[in-house]
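Working notes for the structure below.
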Amino acid sequence: MRLLKLVPDNTNIGFVAMRKWAFALTALLTLAAVAAVGVRGLHMGVDFVGGLMIEARFTEKPSMDKLRGDIDSLGVGNGTLQQFGDPNTVSIRLPLPEEGGEGASNAVVAKVKAELTKSYPGVIFTRYDTVSGKVSGELVQKGVLAVMLAVIGIAIFSWFRYEWQFGVSTFVAIMHDVLMTLGFFAITQLEFDLNIIAAVLTIVGYSINDKMVIDDRIRENMRKYRKMDMKALIDLSVNETLPRTVMTSVTVMLALGALLIFGGHVLRGFTAAMMLGIVVGTYSSVYVSSSLLISLGLTPESAMRKSKVADVAKGAERIGSNEG
Amino acid sequence: MLDFPRWKIWLIVSSLVVGVLLSVPTFFPERIYNQLPSFLQAKVNLGLDLSGGSHILLEANPAEVAKQRLENMEEQVRTELRRGDPKIAIGDISRRDGKLAFMVRDPSQVDAAVERIRPLTQGAGLTGQRDFNVEVVDSSTIVLTPTQAGIDTAVNQAMDVAKEVIDRRINEMGTREPTIIRQGSNRIVVQVPGLQDPAELKNLLGQTAKLEFKLVDISANPAEVAQGRAPVGSEILPYPDNPSGVPVIAVKRQVMVSGEELIDAQQGFDQQNNQPVVNIRFNGAGGRKFGRVTSENVNRPFAIILDGKVLSAPNINEPILGGSAQISGNFTVKTADQLAIALRSGKLPVALTVVEERTVGPDLGADSIRSGIIASAIATAAVLTFMFLSYGRFGLYANLAVVINIFVILGVMALMNATLTLPGIAGFVLTIGTAVDANVLVNERIREERRRGRSVLQSIEFGYKEASRTIFEANVTHAIAGGIMFMLGSGPVKGFAVVLLIGIATSVYTAVVFTRMLVSLWVRRHRPTEIHI
């Protein structure tokens, strides 16, 4: 049996040589993503802006205009309707009643349920979410904090473990991944909710994993080929790890693809975010973060200064792995 | 490499067997599971988004607790100084800016008043602070300022009591297996699996259920009452169902009997008009008090007050001596029943508001489980096929590791009694994808070393050794992201992080340690001179 090889042996792509183009393209896309978020905004779920969401499943595809009219006629505020998953399922979003506490939001839910049950016999209500403005504000804060801490924590880790250039290049590349994901949500106007924060953090985790593998190889080659030109060395490292980068991206994409198609509508936005993140993260590992090391002035000498620390760590690993 | 001692093989295999076995109870149907001995009853719980049910986050307003404490303090001070011996006359009592201030009429008694008030304060916190600071201002005014520690302690106590009351109320409703946890300083999370319509539960939890009986002030001028002015010693309360049409009523400030003296409350029907009512029974002291006041006030009305609103104001036709009474009001059977439950389980020490609510219907939950399982199965099949096509025998070893890993993750989750949520399933699928990463790293490295011309044995040894370092480093950073998600995440994010973190730990073990054992056993037996990778 001939085994599958996605990347042919001895592939040698000059990633470093095209770094100017890659940087320009990356900067452009990132700016576009930021602009998209600025102009179109994110379609925030009730998690982040507060409000009331009722998900209803009809027996057949309802006319959205009629449904909107039915809900507007109830006088419970401006409703936003969105088809969710299959054509028969609609999520209805309403503002929280400003006064009257829980009694009032109960009343809104009851009103909507009564009206829909009357006009659309057989409808079932599969989900309600009510989030007050206070809680949603906290969720936003916590979400932003979590993403920032993750990015900074990981950058600091790679800075202490290696040279500062690795920390900075990782930080830049990951910020790019996060911004691109946000841009994707601004353009598609998919609902941005708590699950998406989990997706963004996972993208950060995955992307960092990817970059660590390449960075680790760069370090290894720097020790091995002390005289080699930095550009050639980085190209060599990226190319050597390219089969792994591609293989892993493909397996993860296969798994996520199954989730996207078969995982049900609740997870769809989450999975879409993750798939995009894998593509973006892989791109930034290969084209951006390693080439950025050169622009940041990483030289074999600067690496040697830190190698004392690394050698101690390496010694420890050697002791650990001798028994196998 | 080849030297894999027997004890090590046993250790690895048995640890994995235990991990897999731990996951087994999770797959049993509930009926069989419940018959298992208790030490085997550890399984993965389903989150509300999969089992269906309601999640309700309740919040108390600390300012309200502070206000109540101030009111109580005022009551205590009045009682102590006016009724105690010797009497100390006070006036100009105010509760402005969260402080209690009053004037001692006779300046020579100020010191004595302070002496008598000090014992009313209580210790708060660990620093020996009191819950109120007592000061004398302008030589005749005494000011009691609540300390932050005092307020914190009071909020904490109120929340503890509130949690117990909620627990009793939900149990009275007959709902099964609710989870009630305090969160932060002033919140309580209530999770009720299987509950489809949380409106009833929210109504029940939204009632403070503070019940009071007070006499109606019949001397009050109706015109003044309508404008909200009450005679001295009385207060104006809302009375939405007042037959006279005016939505307020004047009642005496003094409480005849309160709900604290109840021992039972049941929904029933009025014998005359067959309206739903709540029948209550007082304890001995409450019954005597109620009997005395009703004897003294025959043919006058009294007000039944719930949470500051008058429900009804019936006439006392005859002394009520048996210790039972009837609460009439504009009830339906359901609302009367709810009130009975609320009264039986005691009043909440502080009003709670719902700040977040999430309900998932059972259909959606079942759908999510089904699609989650299908997606996981297809993802696994796709990844396994792809790995086999790419690495042949080495791919098969990796695949075995991935499959075992899935069960070990479930086993560890069961051991920790962790909850599987829908995002958790996504975490599973993602773990299936990333778990093979370690094997991809190892196998690619072996390929590389072979290309460089190393021998089979050396290549394998080098592959595992060099890749292990990379795998360790990459997973540490991945775990940092997961750990932050777990600490800061709420709800779905947390459920996802749990699976991710467990998955990172177990997948490194199965993918590195376990496959290395398989590969070396194979190499030892067959001594291959060429490998197909």
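Short-range pairs are left out: with C-alpha atoms under 8 Å and at least six residues apart, the relative contact order of segment A:148-273 is 25 percent.
Sorting B:91-98, A:115-122, B:387-394 by average packing, meaning the other beta carbons within 10 Å per residue, from highest down gives B:387-394, A:115-122, B:91-98.
Here the extension length gained between residue B:273 and residue B:525 equals 81.5 nm, from 0.36 nm per residue of separation less the Cα-Cα distance. Extension gain, residue B:97 to residue B:145: 0.36 nm times the residue separation minus the Cα-Cα distance gives 16.3 nm.
Per residue, how many Å² of accessible area does the protein assembly as shown show with a 1.4 Å probe?
Values: 38310 Å² over 857 residues.
Per residue, the protein assembly as shown has 45 Å² of solvent-accessible surface.
If a spin label sat at a point 7 angstrom from the Cα of residue B:24 along the line to its beta carbon, no backbone N atom of segment B:409-429 would be nearer than 11 Å. Counted residue by residue at 0.36 nm each, then reduced by the alpha carbon distance between them, the extension gain from residue B:32 to residue B:13 reaches 4.0 nm. Compactness of segment B:155-264, taken as the C-alpha radius of gyration over 2.2 N^0.38 Å, stands at 1.45.
Between residue B:137 and residue B:40, the modelled labels are 7.1 nm apart [label points 7 Å from Cα along Cα→Cβ].
Over all Cα atoms in segment A:51-131, the spread is summed up by Rg and Dmax: 11.8, 35 Å. For segment B:206-357, the equivalent ellipsoid derived from the alpha-carbon gyration tensor has semi-axes of 23, 20, 16 Å in decreasing order.
Remark: mean inter-chain Cβ contacts per residue of A:266-278 equal 3, using a 10 Å Cβ-Cβ cutoff to other protein chain atoms. Over chain B, DSSP H runs of length four or greater, each weighted -39,500 (n - 2.57), average out per residue to a 222 nm ellipticity of -16500 deg cm²/dmol.
Quick one: if the Förster radius is 22 Å, what FRET efficiency do residue A:220 and residue A:299 give, using the C-beta to C-beta distance and rounding to 0.05?
Details: r = 16 Å, r/R0 = 0.75.
Calculated transfer efficiency: 0.85.
Rounded to the nearest 0.05, what FRET efficiency do residue B:129 and residue B:283 give with R0 = 35 Å and r taken as the Cβ-Cβ distance? Could you check? It comes to 0.45. Placing R0 at 35 angstrom, the Cβ-Cβ distance between residue B:326 and residue B:156 gives a FRET efficiency of 0.40 after rounding to 0.05. Chain B gives an Rg/Rh value of 1.18, both radii derived from C-alpha positions and Rh following Kirkwood. Ignoring ligands, DNA and RNA, please state the percent of accessible area on segment A:40-151 from carbon and sulfur, probe 1.4 Å. After summing per-atom areas, the C and S share lands at 56 percent.
Counting only the backbone N, which residues of segment B:210-228 are under 17 Å from the spot 7 Å out from the Cα of residue B:244 toward its beta-carbon? Those under the cut-off are B:214-228.
Got a sec? Which residues of segment A:120-141 lose 40 Å² or more of accessible surface with every protein chain in place, vs. that chain alone, 1.4 Å probe? Correct list: A:126, A:128, A:130, A:134, A:135.
Can you name the helices of chain B, as whole DSSP H runs, whose Cα span along the helix axis is 30 Å or more and whose Kyte-Doolittle mean is not below 1.0?
Details: long enough: B:6-27 (32 Å, 1.49); B:148-173 (37 Å, -0.32); B:362-391 (43 Å, 1.07); B:393-415 (33 Å, 1.95); B:422-451 (44 Å, 0.22); B:456-488 (47 Å, 0.57).
Span-like helices here: B:6-27, B:362-391, B:393-415.
Of the beta bridges in chain A, as assigned by DSSP with both residues counted there, near 90 percent are antiparallel. Modelled this way, with points 7 Å down the Cα-to-C-beta line, the labels at residue B:264 and residue B:472 are 7.0 nm from one another. Which of the DSSP-defined H helices in chain A satisfy a minimum axial length of 20 Å, computed from C-alpha atoms, and a minimum mean Kyte-Doolittle hydropathy of 0.0? The qualifying helices are A:19-40, A:133-161, A:164-188, A:194-224, A:230-262, A:268-283.
In this simple spin-label approximation, residue A:144 and residue A:88 carry label points 7 Å from Cα along the Cα→Cβ vector, and these lie 4.2 nm apart.
Can you pull the semi-axes for segment A:150-231, root of five times each eigenvalue of the Cα gyration tensor, sorted largest first, whole Å?
On the way: eigenvalues 194, 30, 19 Å².
Each semi-axis is the square root of five times an eigenvalue, giving 31, 12, 10 Å.
How large, in Å, is segment B:396-449 by the Kirkwood hydrodynamic radius built from its alpha-carbon pairs? Write down the numbers at each step before the final one.
Numbers: mean 1/r = 0.0809 Å⁻¹.
12.4 Å is the Kirkwood radius here.
Taken over chain A, the alpha-carbon convex hull comes to 191 cubic angstrom per residue. Peptide B:434-442 is shielded by partner chain Cβ atoms: per residue, an average of 5 of them sit within 10 Å of its Cβ. Over all pairs of different C-alpha atoms in the protein assembly as shown, the reciprocal of the mean inverse distance, the Kirkwood hydrodynamic radius, equals 31.8 Å.
Under 15 Å from a label point set 7 Å out along the Cα-to-Cβ vector of residue B:172, the amide N atoms of segment B:275-314 belong to B:277-283, B:306-307.
The values are calculated or read from the model by the stated rules, or taken from the named source; none is laboratory data. Since the structure is predicted, the reported quantities are computational estimates derived from the model, not experimental observations. Cβ sites come from the backbone with ideal geometry, for glycine too, and all protein chains shown count toward neighbours. Remember, those area values only see protein heavy atoms, side chains included, never the ligands or the DNA or RNA. Shrake-Rupley method; radii C 1.70, N 1.55, O 1.52, S 1.80 Å.
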